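Colleague: Dumping the structure here so I can ask a few things about it.
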């Protein structure tokens, strides 16, 4: 069976590791390739929403490869911080900051806040771009709270301090399979995968 090429518009290797297995879950036969395999991939993410930034990256990947392309943008919206860092989660502590820098800043800004005032939402938006057609977007949300201190060794980014509602553990304390069942990115990817399956069925 022919494998459809799908280009992933991201420079984040962690995202690629999470997204590819979710898309190839048995119902799809996709050859998932990173945009960087086609050339330099470094689009300017100057959108004001997750949707805009995801579309910017997916369009850049499509322009580079001339293939169907997807890209995601993720934000962390903390209620006590009036929604910050929001779409700027990756560079919350400044340009060139590390994951640890972002975590330290987050915990510092929430110092003194009790658990019931540390609620937050992780949101992921995935954009699918196809040559000659309008983009389609898919959204996934995961509610939780910011913990008092990091817990767990897995994951990346804010995973050690984001405890998922009803589970009592952070993303970093979960196995990859557990996280891929309930995370914001997993929800968005599964929606995208269902749409891809329908679209590809219609092209046969």
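The values are calculated or read from the model by the stated rules, or taken from the named source; none is laboratory data. Predicted, not measured: the structure shown is a model, and the values here were computed from it. Glycine gets a Cβ as well: all are built from the backbone with ideal geometry, and neighbour counts include every protein chain shown.
Colleague: Search the range 28-60 for residues being touching a residue at least 60 places away in the same chain (Cβ under 8 Å) and farther than 20 Å from residue 90 by Cα, and hand back the single one that is nearest to the chain's Cα centre (by Cα).
Modeller: 59
Colleague: Could you give every pair whose Cβ atoms fall below 6 Å, whose first residue belongs to the range 1-16 and is under 13 Å from residue 58 (Cβ atoms), and whose second residue is part of a strand (DSSP E or B) and modelled with pLDDT under 90, counting only separations of at least 6 or pairs across chains?
Modeller: 6/30; 6/32; 7/33; 8/32; 8/34
Colleague: Do we find that residue 195 is over 22 Å from residue 89 (Cβ atoms) and touching a strand residue (DSSP E or B) at 6+ places or on another chain (Cβ under 7 Å) in this structure?
Modeller: So residue 195 passes the test.
Colleague: Restricting attention to the range 49-78, and to residues there that are closer than 21 Å to residue 157 by Cβ and out of contact with any strand residue (DSSP E or B) (no Cβ under 7 Å at 6 or more places or on another chain), which single residue is surrounded by the most Cβ atoms within 10 Å (Cβ to Cβ)?
Modeller: For the range 49-78, the residue satisfying everything is 56.
Colleague: Moving on to the next point. Go through the range 76-91 and give me each residue that's under 16 Å from residue 147 (Cβ atoms), over 13 Å from the mean Cα position of the chain (by Cα) and outside any helix (DSSP H, G or I).
Modeller: The answer is 78, and nothing else.
Colleague: Suppose we filter 193, 157 for residues that are modelled with pLDDT of 90 or more, more than 15 Å from residue 143 (Cβ to Cβ), under 17 Å from the mean Cα position of the chain (by Cα) and not in a helix (DSSP H, G or I); which single one remains?
Modeller: 157 is the lone residue from the list that is modelled with pLDDT of 90 or more, more than 15 Å from residue 143 (Cβ to Cβ), under 17 Å from the mean Cα position of the chain (by Cα) and not in a helix (DSSP H, G or I).
Colleague: Of the residues 169, 190, which is in contact with a helix residue (DSSP H, G or I) (Cβ under 7 Å, 6 or more places away or on another chain) and surrounded by fewer than 21 Cβ atoms within 10 Å (Cβ to Cβ)?
Modeller: Testing whether each residue is in contact with a helix residue (DSSP H, G or I) (Cβ under 7 Å, 6 or more places away or on another chain) and surrounded by fewer than 21 Cβ atoms within 10 Å (Cβ to Cβ) leaves just 190.
Colleague: Might you let me know whether the range 103-114 holds any residue that is farther than 20 Å from residue 83 by Cα and surrounded by 15 or more Cβ atoms within 10 Å (Cβ to Cβ)?
Modeller: Checking the range 103-114: not a single residue is farther than 20 Å from residue 83 by Cα and surrounded by 15 or more Cβ atoms within 10 Å (Cβ to Cβ).
Colleague: OK, next. I'm trying to understand the selection: among the residues of the range 131-147, which are surrounded by 15 or more Cβ atoms within 10 Å (Cβ to Cβ) and outside any strand (DSSP E or B)?
Modeller: Selection gives 135, 147.
Colleague: Is it true that residue 126 is in contact with a strand residue (DSSP E or B) (Cβ under 8 Å, 6 or more places away or on another chain) and in a strand (DSSP E or B)?
Modeller: Yes; evaluated as a whole, the condition is true for this residue.
Colleague: Could you please give the count of residues in the range 162-173 that are without any contact (Cβ under 8 Å) to a residue 60 or more places away in the chain and either assigned to a loop (DSSP other than H, G, I, E, B) or within 14 Å of residue 121 (Cβ to Cβ) (or both)?
Modeller: Taking the range 162-173 and keeping what is without any contact (Cβ under 8 Å) to a residue 60 or more places away in the chain, we get 163-173.
Narrowing the set further to residues that are either assigned to a loop (DSSP other than H, G, I, E, B) or within 14 Å of residue 121 (Cβ to Cβ) (or both) leaves 163-169, 171.
Counting residues in the range 162-173 that are without any contact (Cβ under 8 Å) to a residue 60 or more places away in the chain and either assigned to a loop (DSSP other than H, G, I, E, B) or within 14 Å of residue 121 (Cβ to Cβ) (or both) gives 8.
Colleague: Right, here's the next one. Within the bounds of the range 103-123, is there any residue that is touching a residue at least 40 places away in the same chain (Cβ under 8 Å), part of a strand (DSSP E or B), over 17 Å from residue 77 (Cβ atoms) and within 15 Å of the chain's Cα centre (by Cα)?
Modeller: no
Colleague: How many residues are more than 17 Å from the chain's Cα centre (by Cα) and modelled with pLDDT of 75 or more if we restrict to the range 4-27?
Modeller: Result for the range 4-27: 2.
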